[in-house]
Amino acid sequence: MILFRNVMTVILSALVLLAIYGTSAFAQTVSVKNGEGENGFGWMFGQAGTCYAVMPRHVAGIFPRVTVSTAAPVQTGTGTVITPFWDGIDLALAVIRGIGTDRCSEQLDALDVDAAGRRAAEASLLRLTPTGEEERVPLRITQRGYLTLEGEILAGREISQGTSGAFAFVGETPIGMAYASADPRRATFMRSEEILINLHRFLNEQGAAYGAPPAGAIPPAAGMPAAAGLPLVVVRSSIPPVNPRYGPENLTGNGVFVYEGVPGARIVFGIATGNVAAVHRVRMTAPTDADYALPRTIIVQYSLDDEGQQFREWTRGQMAPDGLFDTGRMAPRNIRWIAFTILDAWGPGPVVIDDVIVE
C-alpha cells in the first residue's frame, strides 16, 4: 500500500509538472506586445539552440523589438524581429532571448499538419489571458483554401481585438494562424503548411538574406553582451580578410573581421597572458546592419599543449539570425588556446564577425 501511494505520488507530480511546463504545441503559444503598445499572439519553437516565435507581421509592428510572454507560470523575453518574407505575406519571425530553453521546446515540424488536421471540421482557437492562463474557444472551419482557412467562433463568442497571431488547433496540432477578421465571429487563418514552407526556407537556406536595416536603426540585440571576458590574442586565421582594415585582429579590439564566405574558416586564439585559464562560456557576435552574411554553424575547440597544435572539440551550435552565438554556462574546461571553425554562413558573400568573448 505504501509503495502504491509512492508510485501515485510520483505519477501525480509528473502530471503537475507537465501541466505547468507542458511541452505540447499548446504550451508554445505566447502573448506579443509590440513597440506601438499593441497586443497579439505568436507561436514559439526552438531550432539549433535558438528560440524563435512566429507571428503576423502586423503584430510585430514597425519597431525592431517585441516583448513575448509565455503561458503561466509566465516568463517574459525580448524578440528581435526579422521580416525576410515576400511583401504580400503577413508573416514575421522573432529571435527570442530571456525565455528558458525548457519552455521553448516545440519543434518547427509541429506545423506539418497531418491528414486528420487537414480534414477537421472543428478546432480550438487558443489565446492567453493577461495572467497567462490558456483560453480555448471552439471554432468551426467553414472554408479551406490553398493558402488560408476561414473559421467561425461557436457558442455566441466573439473574436476580440488583439486575437491576431493566435493559432487554431486540432488536438495539439496547430493548423493555422489568425491574421485577419472582417466579422466579430469570423477570422481568416494562414495555414500552418504555408507558414512552415516559408520558415523552413529562411532557417535552412536563406538565413540573413533579408534586407538589413540602415546602420544605427536597430540597437544591439536583446541579451547581446558587451565585449568582456578573458584577454585574447589572435594566433592565426585560415582565411584572409577582404581588406586589411577588416583583419581578424579586430576581434580582440575595435572593428570587425570580414572574410570571403568560404566553408570551414578557422580562427585560433590564445590567452593573452600565456597562462592556462578555466573557461565556462563562449560567445561570438556579428552585426546585422553591416550588409554582410552572418556565421551560421560554429565548432568550438580547445587545446592545452604548449604550441596549440592538438585540439579537442568542446561544443558546436548555430549563431542565431540576430547575430549572437552563446553556449551558455557549461562545465569549465582548462584551456590555453581556443579555436572557432565556421562551417557555413546564413547567406552568400563575405561574412562578418564582431566580437569573440571567452569567460
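The values are calculated or read from the model by the stated rules, or taken from the named source; none is laboratory data. Everything quoted here is computed from the prediction, not taken from an experiment. Cβ placement follows ideal geometry from the backbone for every residue including glycine, while neighbour counts extend to all protein chains displayed. Remember, those area values only see protein heavy atoms, side chains included, never the ligands or the DNA or RNA. Shrake-Rupley method; radii C 1.70, N 1.55, O 1.52, S 1.80 Å.
From largest to smallest, the equivalent ellipsoid semi-axes obtained for the chain from the alpha-carbon gyration tensor read 42, 25, 16 Å.
As an exercise, identify the GluC sites (Glu not before Pro) in segment 139-196 lying in DSSP coil whose Cβ has no more than 16 other Cβ atoms within 10 Å.
Taking segment 139-196 and a limit of 16 other Cβ atoms within 10 Å, the loop GluC sites (Glu not before Pro) found are Glu158, Glu172.
The tail of the calculated P(r) for segment 284-359 beyond 17 Å holds 46 percent of all Cα-Cα pairs. In this structure, Ala290 and Ala331 have a Cβ-Cβ separation that, at R0 = 41 Å, corresponds to a calculated FRET efficiency of about 0.75. Normalised by 2.2 N^0.38 Å, where N is the number of residues, the C-alpha radius of gyration of segment 247-293 stands at 1.38.
The largest accessible area among Met330, Met319 belongs to the first residue in Met330, Met319, and the rest follow in falling order (1.4 Å probe, all chains).
Computed packing ranks the peptides 136-145, 255-264, 112-121 as 255-264, 136-145, 112-121, most packed first, by mean other Cβ atoms within 10 Å.
Accessible area per residue was computed with a 1.4 Å probe on protein heavy atoms; Ser160 scores about 60 Å².
Close amide H partners of Ala166, meaning residues 5 or more places away or on another chain with modelled amide H under 5 Å apart, are Phe41, Ala178.
Note on segment 67-151: Kirkwood hydrodynamic radius from all Cα pairs is 15.6 Å, rounded to one decimal.
Computed from backbone phi with θ = phi - 60° and the Karplus coefficients 6.51, -1.76 and 1.60, the 3J(HN,Hα) list for segment 299-311 is 10, 10, 10, 9, 9, 10, 6, 4, 9, x, 10, 9, 10 Hz; x is used for glycine and proline.
Using a probe of 1.4 Å, the accessible surface attributed to Ile197 totals some 90 Å² when neighbouring protein chains are kept in position. For the chain, the 222 nm mean residue ellipticity estimated from helices alone, with every DSSP H stretch of n ≥ 4 adding -39500 (n - 2.57) and the total spread over all residues, rounds to -3000 deg cm²/dmol.
Quick check for you: with a 1.4 Å probe and neighbouring chains kept, what is the accessible area per residue of segment 26-209, in Å²? Accessible area per residue: 42 Å².
Which percent of the accessible area of the chain is formed by carbon and sulfur heavy atoms (probe 1.4 angstrom)?
Answer for the chain is 53 percent, counting heavy atoms of protein chains only.
One chain, two ends: Ala72 and Trp86. Fully extended at 0.36 nm per residue, the span grows by 1.6 nm beyond their Cα-Cα distance.
Rolling a 1.4 Å probe across all protein chains gives Thr273 an accessible area of roughly 90 Å². Phi angles across segment 180-187 convert, under the Karplus curve 6.51 cos²θ - 1.76 cosθ + 1.60 with θ = phi - 60°, into 3J(HN,Hα) values of 8, 8, 9, 8, x, 10, 10, 8 Hz, Gly and Pro given as x. Taking a ≥ b ≥ c as the square roots of the eigenvalues of the alpha-carbon gyration tensor, segment 26-209 is classed rounded because a/c is under 1.5. Based on the alpha-carbon gyration tensor of segment 232-358 and its eigenvalue square roots a ≥ b ≥ c, which shape applies: rounded if a/c is under 1.5, prolate if not and a/b is larger than b/c, or oblate? Prolate, because a/c is 1.5 or more and a/b exceeds b/c.
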